[in-house]
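Working notes for the structure below.
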Amino acid sequence: MLGGLSLRLACENRELAAAVVFYGRNPSPIDHVKSITCPILGNYAGEDRGITEADVNLLRETLEKYGKTYDIKIYPGAPHGFFNDTRESYRPEAAKDAWQRVLAFHGKYLQ
């Protein structure tokens, strides 16, 4: 839920410097991304049953359509919640890579 809220906040708040999304649902309607003014980093689970690869691809296509700055990665084989080390869904390799992406993204955009 929080990833979806992060993306929704990016659609609504023009003061954000950057937004990170972990397996967040797309805004509805998807064209709300037109109002995003900050870069977006997305980390998605390839085996997520609620947020499918088709959903992520639609987000990519729409961000591209509106000329937004984004970096989205899908982790093949990873389930929803792969970043949460207190759950069975935790995938250490994917989580480590995603965290490195977050740190680099923040380093680039939150100076």
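The values are calculated or read from the model by the stated rules, or taken from the named source; none is laboratory data. For clarity, every value in this text was computed on a predicted model and none was experimentally measured. As a convention, Cβ positions derive from the backbone with ideal geometry for all residues, glycine included, and neighbour counts pool all protein chains shown.
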- Item | Residue list for region 1-26, filter: in a loop (DSSP other than H, G, I, E, B) and within 8 Å of the chain's Cα centre (by Cα) | TYR23, GLY24
- Query: Are any residues in region 69-106 surrounded by 15 or more Cβ atoms within 10 Å (Cβ to Cβ), touching a Pro at 6+ places or on another chain (Cβ under 8 Å) and part of a loop (DSSP other than H, G, I, E, B), and if so, which ones?
  - Reply: SER89, ARG91
- Task: Kindly indicate which of LEU41, LEU58 is surrounded by fewer than 20 Cβ atoms within 10 Å (Cβ to Cβ) and modelled with pLDDT of 95 or more.
- Result: LEU58
- Among the numbered criteria (1) part of a loop (DSSP other than H, G, I, E, B); (2) at pLDDT 95 or above, which single criterion is violated by GLY50? (2)
- Note on the structure: Exactly one of GLY46, GLY24 is touching a residue at least 24 places away in the same chain (Cβ under 8 Å), surrounded by fewer than 20 Cβ atoms within 10 Å (Cβ to Cβ) and either in contact with a Lys or Arg (Cβ under 7 Å, 6 or more places away or on another chain) or under 27 Å from ARG91 (Cβ atoms) (or both), and that residue is GLY46
- Message: Any residue at all in region 18-34 that's in contact with a Cys (Cβ under 6 Å, 6 or more places away or on another chain), under 20 Å from LEU110 (Cα atoms) and not polar (S, T, N, Q)?
- Response: yes
- What number of residues within region 27-37 satisfy the criterion of being in a loop (DSSP other than H, G, I, E, B), modelled with pLDDT of 95 or more and surrounded by fewer than 17 Cβ atoms within 10 Å (Cβ to Cβ)? 2
